[in-house]
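The structure appears right after this line, and notes come after that.
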Amino acid sequence: QVQLVESGGGLVQAGGSLRLSCTASGSIDSVNAMGWYRQVPGKQREWVATVTTSGSTAYANSVKGRFTLSRGNAKNTVYLQMNSLKPEDTAVYYCKIVGSTVPWGQGTQVTVSS
């Protein structure tokens with residue numbers, strides 16, 4: 001059973017930074033692309049960024065230039081470096097193995113105060 005575990009969230013002031021981590025545990029195909037999503041209560045989950053197996057990245061316009069997604073040395077780990085955080089970045093952040101049926105993890109809460 002593959003599980004996704006997100007960590008690194010917290011409370012930060014606007015303009016601050018956080019680094020989120022996501023690890024996929026269990027027997028997985030380590031060559032999958034992985035992505036980050038976020039969700040605010042009452043709203044749909046939205047895509048934030050994706051990193052391919054070769055390290056190519058794509059970002060939502062709302063985070064482009066502020067967030068950086070990278071893969072760790074272990075292919076089943078990804079990191080989301082979030083800089084210049086804004087109150088509108090407040091959400092629960094989830095990672096996902098692209099194209100996989102692996103369930104969503106519990107997510108990690110990011111709260112940005114103004």
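The values are calculated or read from the model by the stated rules, or taken from the named source; none is laboratory data. Since this is a predicted model, take the numbers as computed values, not measurements. We place every Cβ from the backbone using ideal geometry, glycine too, and count neighbours over all the protein chains shown. Ligands, DNA and RNA are excluded from the accessible area calculation, which covers all protein heavy atoms including side chains. Shrake-Rupley method; radii C 1.70, N 1.55, O 1.52, S 1.80 Å.
Tally the residues that are surrounded by 11 or more Cβ atoms within 10 Å (Cβ to Cβ) and either at pLDDT below 85 or touching a Gly at 6+ places or on another chain (Cβ under 8 Å) (or both), restricting the search to segment 27-52. Don't jump to the end; show me each part of the working.
If we filter segment 27-52 for residues that are surrounded by 11 or more Cβ atoms within 10 Å (Cβ to Cβ), which is where we start, we get 28-30, 32-40, 45-52.
Those left that are additionally either at pLDDT below 85 or touching a Gly at 6+ places or on another chain (Cβ under 8 Å) (or both): 28-30, 32-33, 39, 47-51.
The qualifying residues number 11.
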Practice task
State the number of residues belonging to segment 60-78 that are open to solvent by 60 Å² or more (accessible area, probe 1.4 Å) and modelled with pLDDT under 95.
Solution key: 2
Practice task
Write out, first by first residue and then by second, each pair whose Cβ atoms fall under 6 Å of each other, whose residues are 6+ apart or on separate chains, and whose first residue, in segment 66-85, is within 13 Å of GLU6 (Cα to Cα) while the second is outside any strand (DSSP E or B) and modelled with pLDDT under 90.
Solution key: ASN76/ILE28; ASN76/SER30
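So, GLY105, is that one in contact with an Asp or Glu (Cβ under 7 Å, 6 or more places away or on another chain), in a loop (DSSP other than H, G, I, E, B) and not hydrophobic (A, V, I, L, M, F, W, C) or not?
Yes; evaluated as a whole, the condition is true for this residue.
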Problem - segment 28-44 residues that are among the aromatic types (Phe, Trp, Tyr), paired with ones that are open to solvent by 60 Å² or more (accessible area, probe 1.4 Å) and at pLDDT 95 or above (beta carbon under 6 Å, 6 or more apart) - result: TYR37/ARG45; TYR37/TRP47
Fill in the blank from the handout: Going through (1) on the phi < 0 side of the Ramachandran plot; (2) out of contact with any Cys (no Cβ under 9 Å at 6 or more places or on another chain); (3) part of a loop (DSSP other than H, G, I, E, B); (4) among the small types (Gly, Ala, Ser) one by one, ALA58 fails only at (3)
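Just for segment 87-101: of the residues that are in contact with a strand residue (DSSP E or B) (Cβ under 6 Å, 6 or more places away or on another chain) and open to solvent by 20 Å² or more (accessible area, probe 1.4 Å), which one is farthest from SER17 (Cα to Cα)? Show your work before the answer.
The initial filter retains those residues of segment 87-101 that are in contact with a strand residue (DSSP E or B) (Cβ under 6 Å, 6 or more places away or on another chain), namely 87, 89-98.
Among the residues that remain, those that are also open to solvent by 20 Å² or more (accessible area, probe 1.4 Å) are: 87, 90, 92, 94, 96, 98.
Numbers: PRO87: 12, THR90: 12, VAL92: 16, TYR94: 17, LYS96: 22, VAL98: 26 Å.
Selected residue: VAL98.
One residue is enough: does segment 85-94 have a residue meeting the conditions at pLDDT below 95, under 15 Å from the mean Cα position of the chain (by Cα) and part of a loop (DSSP other than H, G, I, E, B)? If you could, list the steps in order and put the result at the bottom.
From segment 85-94, those at pLDDT below 95 are none; that's our starting set.
Checking segment 85-94: not a single residue is at pLDDT below 95, under 15 Å from the mean Cα position of the chain (by Cα) and part of a loop (DSSP other than H, G, I, E, B).
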